[in-house]
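The values are calculated or read from the model by the stated rules, or taken from the named source; none is laboratory data. Here the structure is a predicted model, which means the values were calculated and not measured. Heads up, the Cβs are rebuilt from the backbone with ideal geometry, glycines too, and the neighbour counts pull from every protein chain shown.
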Amino acid sequence: MTQMTEARLREQELILLVPIPMAPPLRSVNSYILRGDEGVTIIDPGPRTPESEEQWREVWSQHSLSPREVTRIIVTHHHPDHYGLAGWLQELTGAAVLMSPRAFAEAELMWGANSQMEAALPEWFRQHGMPESWCEQLPLHLYGFRSQVTPAPKVTFIQEGEAISMGGRVWHAIETAGHAPGHLSFYDASDKRLICGDAILPQISPNIGFLPGSDPQPLRSFLDSLVKLRAYEVEWAYPGHRHPFDYFAERISQLLQHHEERLQRIESLLRQQLHNGFEMCAALFGTELGIHQMRFAMSETLAHLVELVRQGRAREYTTGSGPHTNTLYQLK
Ligand SMILES: [Zn+2]
Ligand SMILES: [Zn+2]
């Protein structure tokens, strides 16, 4: 039996996977629908766009579901492709929206009334050597996500370890950071299944990004999270993108190795006298990127540099002051 056939059988039995369209390169995010005595639960409704709203209208008719049957919307983490439609769907269904307190704080940091991110991120990247031609695109780029996360939902908090009934099973919330602070996965110990959002993805490596005001050591958090999740026996993992997969432990090993290899690559670039974050980013990812991909590349590079410093493998120092501050790196 192929992986997908097996996955489809399991979805019909317990978990319905609904692909919701989103912008390239990912193109779709997995929403999961679980039906049980407690009602219908939707996990990660997707970003708010006209296409995704249309997709939900099709879901109701295709799966003979009424929005009024939905009692809970669970958001694994605050990224727009997962959290964005929660408020819209809450208005439509009257359902409770559940997420972790830390994930909610991150949504506020990005899009809350007092968010400074549209100014803070370009300032941060500038300090790490990003040319003005890129930095000046960031405020509008970030502003563009606001329509994908509006309206904000009224949130009910769930905590690490909390048990929650979905689709006739009891699932426990597991909190991990790294890809997104406060990210929750849900583990069903009886069937050894994990709904894992973007904590672990098959094929692609979840973005680990440094953002001002957020987790100061995101790669360390992610590596710790991989070790934490490795302790669970998982037969089937249901990720936020791509297909359900049955090689969870192996995937964790690959991701640990991937990040160590990238740390070593950055060490070798430092040996070649590259000094600032943007030079390193350009060497790793190139510069033929749109602003969205460049933002991910730059924050991923900085997350690795911060981790090299933490591990005592590199040193960070600054020159200049105020808006002319430059942060540079060298090997220890
Ligand atoms: Zn994400
Ligand atoms: Zn995602």
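For segment 297-332, enumerate the residues that are more than 27 Å from the chain's Cα centre (by Cα) and assigned to a helix (DSSP H, G or I). Once the filter is applied, which keeps residues that are more than 27 Å from the chain's Cα centre (by Cα) and assigned to a helix (DSSP H, G or I), segment 297-332 yields Gly322, Pro323, His324.
Name the helices (runs of 4 or more DSSP H) wholly inside segment 92-178 in which the number of residues that are touching a residue at least 24 places away in the same chain (Cβ under 8 Å) and over 30 Å from Arg230 (Cβ atoms) is 2 or more. Even if it seems obvious, please write down each step before you answer.
Working: elements: 101-111, 117-127, 132-135, 138-143.
Helices (runs of 4 or more DSSP H) meeting the threshold: 117-127, 138-143.
Per-residue answers, yes or no, for (1) of a type in the set (S, T, N, Q); (2) part of a helix (DSSP H, G or I); (3) in contact with a His (Cβ under 7 Å, 6 or more places away or on another chain); (4) more than 16 Å from ligand 1 (Cβ to nearest atom):
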{"site": "Asp215", "(1), (2), (3), (4)": "no, no, no, no"}
{"site": "Lys228", "(1), (2), (3), (4)": "no, yes, no, yes"}
{"site": "Val234", "(1), (2), (3), (4)": "no, no, no, yes"}
{"site": "Tyr238", "(1), (2), (3), (4)": "no, no, no, no"}
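Residues in segment 251-274 that are assigned to a loop (DSSP other than H, G, I, E, B) and crowded, with 18+ Cβ neighbours inside 10 Å: Leu274 alone.
When segment 51-70 is filtered for residues that are touching a residue at least 24 places away in the same chain (Cβ under 8 Å) and within 13 Å of Pro19 (Cα to Cα), the ones remaining, listed by number, are Glu51, Ser52, Glu53, Gln55, Trp56, Val59.
How many residues are crowded, with 16+ Cβ neighbours inside 10 Å and either modelled with pLDDT under 80 or not polar (S, T, N, Q) (or both) if we restrict to segment 24-41?
7
Scanning segment 81-114 for residues that are within 19 Å of the chain's Cα centre (by Cα) and among the small types (Gly, Ala, Ser) gives Gly84, Ala86, Gly87, Ser100, Ala103, Ala105, Ala107, Gly112.
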